[in-house]
Amino acid sequence: MRVARRILLALLIVSLAAAGARAQTPRAPAQPQPQPNRPFVERGFVSLNLGGQFSPGELSDRVTFEANAETGTLDADYSGRSALVFDGGSGLLVYRQIGVGFGVSHSGRSGSAFVRAQVPHPFFDDRHRAVEGDASDISRRETAVHAQVYYEFRHRGPWRVRLFGGPSYVRVEQELVTGVETQETFPFDTAAFARATTERAKGSAFGGHAGLDISRMMSRRLGLGASLRYTGVSIGLNVPGGRDVSTDGGGLTAGLGLRVAF
């Protein structure tokens, strides 16, 4: 019995000493748990492009004017040239691979017009003089707003492909030839083209567009892309004096630029 009590007493002393040692040992501070990284999911895009716009056709116009108590005629054929275009837009996915967006484009060019006129004679009736020449620095400005629905194909690595289309609102400002100035001497049987007089006409109308955008992402959010868009619209230009001239707006637009994903 005496031996057993000694053994129990020794075990009690060892247990108390071990508990005291554990109480005096400093505890290491708790390490913060790392937060899981949330994957980036593309919901939309912003695009900025610089490119060219190719007119859908040429513009022709006929003007009548009064000179020497008679009526003369003037025909002007405007060259359909390409124009520099700035283009920007944005889109947001709303259901799976379908999204909605908008775009704004602005183009400008300076061309020429070939002018043919029949100018009345100052002394004789029905003896018009034919003159012709080129009117230079004929400017045209076009601004368009595009609302669109687009379909985005499933991602193939860094590549993004979108098809889009929708209505467009297009506004055009165009210089039009309204008259000619001639060089002539007595007896005024002939006349030569000196210069054309012009006025600025404006008009706007609704049309439609469709296109394709292909881009390659260089990082998670930034990439480079190319786009093609065709816009079709017929616009009546309001010429000062109450005359309207019909012209085709829009045409084919091609551009290269920056893509930003968000």
Ordered by residue, what ³J(HN,Hα) values in Hz, to whole numbers, does segment 142-151 give under the Karplus form 6.51 cos²θ - 1.76 cosθ + 1.60, where θ = phi - 60° and Gly and Pro are x?
-> 9, 10, 9, 10, 10, 9, 8, 10, 10, 10
For the pair Phe124 and Leu258, the simple spin-label estimate (label points 7 Å beyond Cα toward Cβ) gives in nm 6.8 nm
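For Glu173 and Glu66, what does the FRET efficiency come to when R0 = 22 Å and r is the distance between their Cβ atoms, rounded to the nearest 0.05?
E between Glu173 and Glu66, to the nearest 0.05, is 0.25.
Only helical DSSP H runs with n ≥ 4 go in: add -39500 (n - 2.57) per run for the chain, normalise by residue count and round the 222 nm mean residue ellipticity to 500 deg cm²/dmol. Let's see the in-between values first.
Working: 1 runs with 23 residues, N = 262.
When only DSSP H runs of four or more count, the value is -3000 deg cm²/dmol.
Over the chain, calculate the relative contact order: mean separation of alpha carbon pairs under 8 Å at least 6 apart, over the residue count, as a percent. It would help to have the intermediate numbers written out before the result.
Numbers: 641 pairs, mean separation 46.5, N = 262.
Dividing the mean separation by the residue count of the chain yields 18 percent.
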Hey, of (i) 63, 36, 29; (ii) 94, 37, 31; (iii) 157, 32, 30, which did the structure itself give for Cα extents along the principal axes in Å when calculated?
-> (iii)
Backbone HN-Hα couplings from phi across segment 69-84 [Karplus 6.51/-1.76/1.60, Hz, Gly and Pro as x] = 6, 9, 9, x, 10, 9, 10, 10, 10, 9, 5, x, 9, 6, 9, 6
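Work out the length of the dipole vector of the chain about its Cα centre, built from +1 on the beta-carbon of each Lys and Arg and -1 on the beta-carbon of each Asp and Glu, and round it to the nearest 20 debye.
Values: 30 positive and 24 negative charges, 906 e Å.
Here the chain has a charge dipole of around 4360 debye.
Provide the per residue accessible area, probe 1.4 Å, for segment 122-262, rounded to a whole number of square angstrom. Don't skip to the end; give the middle numbers.
Numbers: 7660 Å² over 141 residues.
Each residue of segment 122-262 exposes 54 Å² on average to a 1.4 Å probe.
Stretched out fully, how many nm does the piece from Thr143 to Ser79 gain, at 0.36 nm a residue minus the Cα gap?
Details: separation 64, 0.36 × 64 = 23.04 nm, distance 1.93 nm.
Length gained between Thr143 and Ser79: 21.1 nm.
With a 1.4 Å probe and every protein chain kept in, tell me what percent of the accessible surface of the chain is carbon plus sulfur. Mind dumping the intermediate values first?
Working: 9360 of 16050 Å².
Roughly 58 percent of what the probe reaches on the chain is carbon or sulfur.
The values are calculated or read from the model by the stated rules, or taken from the named source; none is laboratory data. Since this is a predicted model, take the numbers as computed values, not measurements. All Cβ positions, glycine included, derive from the backbone under ideal geometry; neighbour counts span all protein chains shown. The protein model used for the area step is the full one, side chains on, heavy atoms only, and it has no ligands, DNA or RNA in it. Shrake-Rupley method; radii C 1.70, N 1.55, O 1.52, S 1.80 Å.
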